[in-house]
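S.K.: Structure below; questions to follow.
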Amino acid sequence: MHYARLHAFVKLIFDFYGLHQLAALFIFLTLEEAGLPIPIPGDVLVAIAGARHHSGFLYPFSIIGISTLAVFTGSSILYWIVRKGGRPILYKYGKFLHINLKRADQIEEWFRKRGAIMIIAGRLIPGLRIPTTVMSGVSEVPYIVFFPSTFVAAAIWSSFYFFAGNAAVGAVRIALTHVTGFLDETSDWVTFMFIFGFVVLGIYLYYHLQQEERKKNAPAIADSIDKP
């Protein structure tokens, strides 16, 4: 039953994404960067945008531009929430972000000393985009340092996943051409289903690994919160 609801929800998101790509991309990425979980990771959505058949010089710029703006907007919202809320927010929600609370002081010191480098590097490592924003707010990294660093990292991140999706669909098309011996309308449909299957598999593995990681870290997190 749970799987059926998740499948229906994911299908609804894909349908909305297909009809209103730019608006959906902005909304979903903003929500994700603001700390709200979405069933389809943002990097997957950007890669799908890169994989979609398109023509025109402006398409890549529109996708990368909207993605960068959404990431910057959502992360700025989360930054100010955490900066105003301070450490209590970190202790309350850090377990959901896989932040090692035992090393929070050390990480905070790193951010204060090397703010721009830590932000750009952290946001380009898979799984660390949100924790990087949180630690930037907790460490009170000046916004004048946070916003250009985040903008640069967001542009690099968006470009990478867009062109990775574009390259992936190109590789799949070449493989299908060699297998079928031709490339026509049917192969376009097969290509889409092939990529869609990999996306669904990736989403399942992502959430499965997330749950296993939370179970593994739960005892250590509980011990850190209990300590004064």
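Read the figures in this text as sums done on the coordinates, not as results from a lab. On a predicted model such as this, the values are computed, not experimentally measured, just so you know.
S.K.: Per 0.36 nm of contour for each residue apart, how much would the distance between residue 81 and residue 163 grow if the chain were fully extended, relative to their Cα-Cα spacing?
M.R.: Working: separation 82, 0.36 × 82 = 29.52 nm, distance 3.23 nm.
Stretched out fully, the residue 81 to residue 163 stretch lengthens by 26.3 nm.
S.K.: When the Karplus curve 6.51 cos²θ - 1.76 cosθ + 1.60 is applied with θ = phi - 60°, which whole-Hz ³J(HN,Hα) does each residue of the stretch 37-44 get, with x for Gly and Pro?
M.R.: 3J(HN,Hα) across the stretch 37-44, in whole Hz: x, 10, x, 10, x, x, 5, 5.
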